[in-house]
Each structure stands twice: as C-alpha cells, then as structure tokens.
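Have a look at the structure below, then the notes.
Each value in this text was obtained by applying a stated rule to the coordinates, not by laboratory testing. None of the values given here were measured: they were computed from a predicted structure. With ideal geometry, Cβ positions are generated from the backbone for all residues, glycine too; neighbour counts draw on all protein chains shown.
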Amino acid sequence: MSTKPNKSIFLADDDEDDCLLFEDALREVSTSAELLTASDGVELIDLMEKTVPPPPDVIFLDLNMPRKNGFECLDYIRKTKAWEHIPIVIFSTTGQEEMVRKVHEKGANFFIRKPGSFPKLKQAIKQILDIDWTKHSWTPARENFHYQY
C-alpha cells in the first residue's frame, strides 16, 4: 500500500448506475479514498485541467463514452507531459482482444473488464488500490495487463 493515506481516484464513465456501483464498492474497500467522476472524456479532461496537480493516484477510464471516448482520453493524457505518468486502468464492459491490445499499445497500465457482481467489483478495485505505482512497471507485460473477474 502507498504511504499516502488518502487515495485520489478519478472515474470517467457515462453510465450513471456503473458510477454509483463503483462508488459503493470503493467506499467498502477504502473509506478514505476520494472519488471524482466525469460522465465523458471532455468532462474528464476539464476536471484534470482544473485539479491536476496534484495528480490522482489512478484513473479508471471507460472506453465507450460520448464526446471524447476512452481511447481519445488515453491518447490525450499520455501525450500531455504533466499527466503522462498517471496510472490509467481501462474499465470497460468490452473484453475484445483487439480493444485490449489497442489500449495496451497506447499506454494504459491495466485493463479490467467490468465485473458482473458487486464482490468481484470490490476485489478489482482493491487489487488496483493495492498497487504501489512507484514500483510498478509503466509498461506491463501483455500477459499481466488484462484482468477478468
């Protein structure tokens, strides 16, 4: 675990129910984590421009969103010098191998297919929050990149 007591987490997802479920799961995993949400990619970039620095500890990024999708956000964040090292976890309903490969190549740190149950969602969030990003490889091996719960 990080020595920083409060984790700052950004979630970009256009599905309001998924956001509420994520927030509930996060609260059960970590009562001290701060969650900021964006309903699409344009909102996420606006949020980052207003609040970073300090950077969030991790960004959970959905792929299928209006206005600016997850691929475009990932690309934009990785090309922005001040943000390029922020850990990004793709958090999507799709598990298509082509999508997983594409976001791996674009520099995402992990790909998690949205779990089908609340306990599995909590497990996925806990697993990501337990990562010490200061010691983690920025280019994870392809076989360690995609988690399905």
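Which value, in debye to the nearest 20, describes the size of the charge dipole of the chain about its Cα centre when Lys and Arg Cβ atoms bear +1, Asp and Glu Cβ atoms bear -1, and nothing else is charged?
Dipole magnitude for the chain comes out near 580 debye.
If I model a spin label as a point 7 Å beyond the Cα along the Cα-Cβ vector, how far apart are those points for D17 and S117 in nm?
Label at D17, label at S117, 1.9 nm between them.
Considering Cα pairs under 8 angstrom that are at least six residues apart, work out the relative contact order of the chain and quote it in whole percent.
Answer for the chain is 24 percent.
For K102, list the aspartates and glutamates whose Cα falls under 16 Å from its own Cα; do not include residues on the same chain fewer than 8 positions away.
In chain and number order, the partners are D62, E72, D75, E143.
If you wrap a convex hull around the Cα atoms of the chain, how much volume per residue is inside, in Å³?
Per-residue hull volume (Cα only) is 101 Å³.
What is the spin-label model distance, in nm, from V42 to T80 if the labels are put 7 Å beyond Cα along the C-beta direction?
Each label point is offset 7 Å from its Cα along the Cβ direction, giving 1.5 nm.
Work through the residues other than V42 whose Cβ is under 12 Å from its Cβ and net out their charges, Lys, Arg +1 and Asp, Glu -1.
-4
Using the Karplus curve 6.51 cos²θ - 1.76 cosθ + 1.60 with θ = phi - 60°, work out ³J(HN,Hα) for each residue of segment 20-26 in order, rounded to whole Hz, and write x for Gly and Pro.
Each residue of segment 20-26 in turn: 5, 5, 4, 4, 4, 5, 4 Hz.
Figure the gain on full extension for E28 and Q96 (residue separation times 0.36 nm, minus the Cα-Cα span) and round it to one decimal in nm.
Separation in residues times 0.36 nm, less the Cα-Cα distance, equals 21.5 nm.
Once R0 is set to 22 Å, what does the formula 1/(1 + (r/R0)^6) return for the Cβ-Cβ distance between K135 and N6, expressed as a FRET efficiency to the nearest 0.05?
That gives a FRET efficiency of 0.65.
As a quick test, which of the pairs K81/K106; K79/K126; K7/K135; K81/K114 have an alpha carbon distance above 26 angstrom in this structure?
Over 26 Å Cα-Cα: K79/K126; K81/K114.
In units of 2.2 N^0.38 Å, what is the alpha-carbon radius of gyration of segment 1-79?
Segment 1-79 yields a ratio of 1.08.
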